[in-house]
Amino acid sequence: MSDVKARYLPLIQAVRERFPGDGFVPLHAPVFGGNEKTYLSECIDSTFVSSVGPFVDRFERMMEEITGSKFAIATMNGTAALHMTLILAGVRDGDEVITQPLTFVATCNAIAYQRAHPIFLDVDRDTLGLSPDAVADFLESHAEMRDGQCFNRGTGRRIRAMVPMHTFGIASRIEKLIEIGERWNIVVIEDAAEAIGSTWKGKALGTFAPLSAFSFNGNKIVTSGGGGCVVTDSPEIARLAKHLTTTAKSPHAWEFSHDQVGYNYRLPNINAALACAQLEQLPGFLAKKRELSRFYADVCQKAGLNFLNEPVGGESNFWLNAVLTEGRDERDALLAYAADEKIMMRPVWQLMTTLPAFRDAQAMAIPNAQWLQDRIVNIPSSVPAQ
Ligand SMILES: *Cc1c(COP(=O)(O)O)cnc(C)c1O
């Protein structure tokens with residue numbers, strides 16, 4: 001323990017330097033420094049606080065501009081956005097969906113909502129995202145094409161979609177995954193919940209696959225309290241997304257006619273008001289987060305610590321910065337040390353393959369996910385005040 005303290009003292013000091021004071025340093029706190037109060041007042045004064053209102057539309061237009069995609073459809077949270085992308089991809093009862101065991105549980109919950117079965121394949125150590133090699137190996141050894149559709153030979157079920165996740169805003173090998181998806185007729189959906197503002201080869205994450213989902217939860221870089229959105233370039237998919245997230249109501253001056261089972265997933269205007277004010281500050285937030293991550297990277301390099309950097313060829317949003325410890329013992333010692341210092345550090349999520357809901361799901365060997373789970377420690381990453 002004392003060895004670990006000596007080793008990580010420079011990092012603890014660095015955190016205190018950037019987040020001064022004696023108080024508790026959270027992992028990621030929202031910053032409200034723009035038009036939040038103005039827009040919220042406007043929203044209340046207008047009486048349009050619910051799922052219809054100008055801020056919802058404005059939020060969607062802003063997301064289209066920020067991502068460079070043709071359509072953004074607002075939802076009440078990121079989980080609802082993910083659920084909607086799976087519905088739009090045609091995932092249904094009994095289908096299988098390839099995803100990664102190293103993710104937030106929302107990814108797998110959304111698959112379960114469609115009564116589909118996740119298949120857990122390994123991640124790459126450097127991207128923390130679904131490994132194209134693991135996917136290709138699995139499909140070669142376990143799948144076959146029948147009438148242009150991909151089936152799992154072991155279960156006989158259709159493998160309909162693949163959901164890679166851009167962990168902490170770091171780009172997964174999305175282009176390769178899409179190539180594999182095209183070869184096997186598997187729809188790729190980007191879980192870009194953590195990736196707003198990140199790019200790969202200059203293109204926004206969340207715009208590579210035909211469908212993707214973003215989150216605006218309170219712990220993300222920009223927040224609407226709760227919120228999400230679906231992003232797509234297809235006008236047909238966008239129209240259906242809007243229809244299904246708004247109770248599948250057919251347009252009419254007064255009749256309540258709904259042409260199928262729909263969802264009440266629309267983002268309320270009051271949340272959208274907050275989102276608009278936050279999105280206006282996104283470039284500034286990204287710049288400050290980049291500066292913070294450069295500072296951490298520098299401190300870690302000098303101290304011989306292993307800082308998790310952005311990939312060559314991509315720009316991360318540095319939503320959550322992380323260090324890689326030597327193993328589980330060092331990880332836990334660092335977490336205890338930080339807790340004593342009133343600094344919030346966190347391990348990565350427990351692997352999905354260990355959760356009661358998903359531990360019976362199909363999974364291949366996942367050595368990289370396990371290796372990362374033993375080592376990742378997230379460090380305070382809020383947008384610094386100064
Ligand atoms: C935050 C997050 C979501 C969605 O979260 P909501 O809290 O429902 O907005 C989905 N996937 C990942 C990986 C996330 O980090």
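Being closer than 21 Å to G314 by Cα and surrounded by fewer than 23 Cβ atoms within 10 Å (Cβ to Cβ): is that true of D147 here?
no
In the set T155, T207, which member is in the same structural domain as A89 (by TED's automatic domain parsing), open to solvent by less than 60 Å² (accessible area, probe 1.4 Å) and either at pLDDT below 95 or of a type outside the set (F, W, Y) (or both)?
The match here is T207.
Got a sec? Which of H142, H166 is of a type outside the set (G, A, S), open to solvent by 10 Å² or more (accessible area, probe 1.4 Å) and without any contact (Cβ under 8 Å) to a residue 60 or more places away in the chain?
So the residue among H142, H166 that is of a type outside the set (G, A, S), open to solvent by 10 Å² or more (accessible area, probe 1.4 Å) and without any contact (Cβ under 8 Å) to a residue 60 or more places away in the chain is H142.
Can you find even one residue in region 61-76 that is within 12 Å of the ligand (Cβ to nearest atom) and open to solvent by 10 Å² or more (accessible area, probe 1.4 Å)?
Yes - at least one qualifying residue is present in region 61-76.
Does any residue of region 102-110 turn out to be within 16 Å of the ligand (Cβ to nearest atom), part of a loop (DSSP other than H, G, I, E, B) and open to solvent by less than 10 Å² (accessible area, probe 1.4 Å)?
yes
Does F48 satisfy the criteria of being part of a helix (DSSP H, G or I), at negative phi and away from the ligand (no atom under 11 Å from the Cβ)?
Spelling it out, it is not the case that F48 is part of a helix (DSSP H, G or I), at negative phi and away from the ligand (no atom under 11 Å from the Cβ).
Tell me whether region 363-370 contains one or more residues that are open to solvent by 60 Å² or more (accessible area, probe 1.4 Å), among the hydrophobic types (A, V, I, L, M, F, W, C) and over 22 Å from A171 (Cα atoms).
Among the residues of region 363-370, at least one is open to solvent by 60 Å² or more (accessible area, probe 1.4 Å), among the hydrophobic types (A, V, I, L, M, F, W, C) and over 22 Å from A171 (Cα atoms), which makes the answer yes.
Which residue out of D93, D126 is open to solvent by 40 Å² or more (accessible area, probe 1.4 Å) and within 20 Å of L372 (Cα to Cα)?
Residue meeting the stated conditions: D126.
In region 132-149, which residues are part of a helix (DSSP H, G or I) and charged (D, E, K, R)?
Answer for region 132-149, where residues must be part of a helix (DSSP H, G or I) and charged (D, E, K, R): D133, D137, E140.
If I filter region 222-256 down to residues being under 24 Å from L205 (Cβ atoms), touching a Ser or Thr at 6+ places or on another chain (Cβ under 8 Å) and in a loop (DSSP other than H, G, I, E, B), which single residue comes out as most open to solvent (accessible area, probe 1.4 Å)?
D233
Being closer than 13 Å to I343 by Cβ and open to solvent by 50 Å² or more (accessible area, probe 1.4 Å) is the filter here; which residues of region 6-30 pass it?
Scanning region 6-30 gives L9, Q13, R16, E17, P20, D22, F24.
Which ones in region 150-198 are small (G, A, S), over 25 Å from V312 (Cβ atoms) and not in a loop (DSSP other than H, G, I, E, B)?
Scanning region 150-198 gives a single hit, A161.
The values are calculated or read from the model by the stated rules, or taken from the named source; none is laboratory data. Please read these numbers as outputs of a predicted model, since none were measured by experiment. All Cβ positions, glycine included, derive from the backbone under ideal geometry; neighbour counts span all protein chains shown. Heads up: the accessible areas ignore ligands, DNA and RNA and are worked out on the full protein's heavy atoms, side chains in. Shrake-Rupley method; radii C 1.70, N 1.55, O 1.52, S 1.80 Å.
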